[in-house]
Amino acid sequence: MVWVSLAGIIVIVLFARALGFARVPELADEGQAERIAADALHDFRPAEAAVTQDRRGALVAGSDGRVALVRPFGDRWVVRIVNGAATSVDGGTLRLQLPEAMFAPALLDLGPAAAAWARRL
């Protein structure tokens, strides 16, 4: 009886994966990151954006000085203002630690732009 239940769970998981529920979204370009941030944040006007090398995250600077982090959460995007976040740079990777306990640190491979974005925050 346990085997039947286990087999049923495996079939459901495989079916969900086949439908694409386990895919992590990717950003097409900076424009998409800017649109996501503008849609998620009240009165946010994007001025500049940097997308990570793997296209699974971005930083978007607003015209008012705020900087938004766009990163995947499941198959959707989550957006947070990251001004004042703890930062560190290792090579071209920027590490952001937000004060939210349930929000894991973000590792953003921004290449040579990582240090400049860290200074902005």
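Every number in this text was worked out from the coordinates using simple rules, so none of it is lab data. Everything numeric in this text was worked out from a predicted model, so none of it was measured. Methodologically, a virtual Cβ is constructed for each residue, glycine included, from the backbone with ideal geometry; neighbour enumeration extends over all protein chains shown.
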Check your understanding: Which one of Pro46, Pro105, Val78 is farthest out on the positive end of the charge dipole of the chain, using unit charges on Cβ (Lys, Arg +1; Asp, Glu -1) and the Cα centre as origin?
Key -> Pro105
Exercise for review: Give me the angle, in degrees from 0 to 90, between the Cα long axis of helix 30-40 and the longest principal axis of the Cα atoms of the chain, rounded to the nearest 10.
Suggested key: 80
**Study point:** Two-site label geometry, Glu100 and Asp39: point separation in nm, points 7 Å out along Cα→Cβ
**Key:** 1.8
Review point. So how strong a dipole does the range 24-120 carry about its Cα centre when Lys and Arg Cβ are +1 and Asp and Glu Cβ are -1, to the nearest 20 debye?
Key: 220
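In what sequence do Arg45, Arg80, Arg55 fall when counting other Cβ within 10 Å, fewest first?
On the way: Arg45 12, Arg80 18, Arg55 15.
Arranged by neighbour count, lowest to highest, Arg45, Arg80, Arg55 become Arg45, Arg55, Arg80.
If each DSSP helix of 4+ residues adds -39,500 (n - 2.57) and the sum is divided by the residues in the chain, what number results at 222 nm, nearest 500 deg cm²/dmol?
-9000 deg cm²/dmol
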Check your understanding: Calculated from the structure, percent of Cα pairs over 25 Å apart equals which of (i) 23; (ii) 36; (iii) 31?
Key -> (iii)
Check your understanding: Applying the Karplus parametrisation 6.51 cos²θ - 1.76 cosθ + 1.60 with θ = phi - 60° to the phi angles of the range 90-96, what ³J(HN,Hα) value in whole Hz is obtained for each residue in order, glycine and proline being reported as x?
Key -> 10, x, x, 9, 9, 10, 10
Check your understanding: What is the order of Val70, Val24, Val82, fewest Cβ neighbours within 10 Å to most?
Key -> Val24, Val82, Val70
Review point. Which peptide among 99-109, 32-42 comes first, and what is the full order, when sorted by highest mean count of other Cβ atoms within 10 Å?
Key: 32-42, 99-109
Exercise for review: Mind pulling the angle between the C-alpha long axis of helix 2-18 and the longest principal axis of the chain? Nearest 10 degrees, somewhere in 0 to 90.
Suggested key: 40
